[in-house]
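Here's the structure we're looking at; comments come further down.
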Amino acid sequence: MANVLSQLENRILTITINRPDKLNALNQATLRELDGIVMDATDNDEVAVIIITGAGDKAFVAGADISELATTDAMTGMQFARYGQSVFNHIENCGKPVIAAVNGFALGGGCELAMACHLRIASDNAKFGQPEIKLGVIPGFGGTQRLTRLVGKGKSMEMNLLGDMVSADKAEQIGLANWVVPQGELLPTVTKVAEQLANSAPIALSMTIDAINKGLECALPDALDYEVKAFGICCASEDKNEGTAAFLEKRAAKFAGK
Ligand code: COA
């Protein structure tokens, strides 16, 4: 059985990490399959939005596979972390909005996977955490960095040093989850958000993601300059002509991504 499933419907690609008996833990094979699907989706014009979720009703992803972690040494550990980071970087930079539908435990690599996505919508049974400290390691797939950027230094220190789980409600309070919904409403809610994004202007979406991501990596004057250039690119798009015309003609815009 595949470790990762994917299904394309109405230009929304749903990717499901599919190891429910291991709480969807990420082993190397799963990471490779995930990366292949994300890379294909990046180049596929039929895909407008990506949803990532976990199989079953217990876990989004309960972390990197601890049985593989147990056999690492300095060199293989670095390779594993570097590879996981590159997979998550591909998600973050795929040029299309990616929503994490967090349907349960999002721990370690699962929390890091959710943070590489652009939006996190969680069910009320979800639990987030970076518990690596309890295994004698630190996060290797971006947890010390993306968590700090999302929730600030204080909360990131707390979650990374204590390694305790935080509830979905707490995750929403600190900005780690965008919304929390009852478990049964997770997929309908995520689908609704994905549909809204799929009907939005693709170039502007991509430029927004890029400007926010790039901007966080540089000083404000450079970040603002990047925004100026991205704004200029949007102004040269057919989507801008369509969006402004639709507003003035009091009709819904139909964006072509050109
Ligand atoms: N890697 C490998 N296997 C994992 C796993 C992981 N990160 N997380 C869970 N599993 C496996 C368990 O070993 C168990 O397998 P088994 O049935 O073959 O023994 C199965 O998934 C179910 O997990 P279990 O621990 O029995 O479920 P639980 O409901 O009692 O506890 C958790 C759930 C999430 C609290 C617990 O599984 C856990 O702490 N997982 C590890 C989380 C973690 O440290 N992640 C960071 C890794 S770097």
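Data overview
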{"read-out": "Scan of the stretch 187-224 for residues that are of a type in the set (G, A, S), farther than 22 Å from C235 by Cβ and not in a loop (DSSP other than H, G, I, E, B), ordered by number", "value": "A194, A198"}
{"read-out": "Residue identified as more than 14 Å from the chain's Cα centre (by Cα), near the ligand (Cβ under 9 Å from one of its atoms) and free of Cβ contacts under 8 Å to residues at least 12 places away in the same chain among D21, D73, D65", "value": "D21"}
{"read-out": "Filter pass, I209 being in contact with an Asp or Glu (Cβ under 9 Å, 6 or more places away or on another chain), loosely packed, with under 15 Cβ neighbours inside 10 Å and not charged (D, E, K, R)", "value": "no"}
{"read-out": "Enumerated strands (runs of 3 or more DSSP E) restricted to the stretch 1-105, each holding at least 2 residues that are over 20 Å from P139 (Cα atoms) and open to solvent by 50 Å² or more (accessible area, probe 1.4 Å)", "value": "4-9"}
{"read-out": "Single match in G175, G140, G154 (criterion: more than 16 Å from the ligand (Cβ to nearest atom) and either assigned to a loop (DSSP other than H, G, I, E, B) or touching a Cys at 6+ places or on another chain (Cβ under 9 Å) (or both))", "value": "G175"}
{"read-out": "Residues satisfying the stated conditions in the stretch 123-150, i.e. under 15 Å from the mean Cα position of the chain (by Cα) and open to solvent by less than 70 Å² (accessible area, probe 1.4 Å)", "value": "F128, F141, G142, G143, R146, L147, L150"}
{"read-out": "Selection count, the stretch 26-62, where residues are in contact with a Leu (Cβ under 9 Å, 6 or more places away or on another chain), within 16 Å of the ligand (Cβ to nearest atom) and of a type in the set (A, V, I, L, M)", "value": "6"}
{"read-out": "Counted residues, the stretch 21-64 - those being of a type in the set (S, T, N, Q) and touching a Ser or Thr at 6+ places or on another chain (Cβ under 7 Å)", "value": "1"}
{"read-out": "Pairs with Cβ under 8 Å, 6+ apart, first in the stretch 222-243 and within 22 Å of K254 (Cβ to Cβ), second among the aromatic types (F, W, Y)", "value": "D239/F255; E242/F255; G243/F255"}
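The values are calculated or read from the model by the stated rules, or taken from the named source; none is laboratory data. Here the structure is a predicted model, which is why all the values come from computation and not from measurement. Counting neighbours? That spans all protein chains shown, and the Cβs are built from the backbone with ideal geometry, glycine included. Surface accessibility is based on the protein's heavy atoms, side chains included, excluding ligands, DNA and RNA. Shrake-Rupley method; radii C 1.70, N 1.55, O 1.52, S 1.80 Å.
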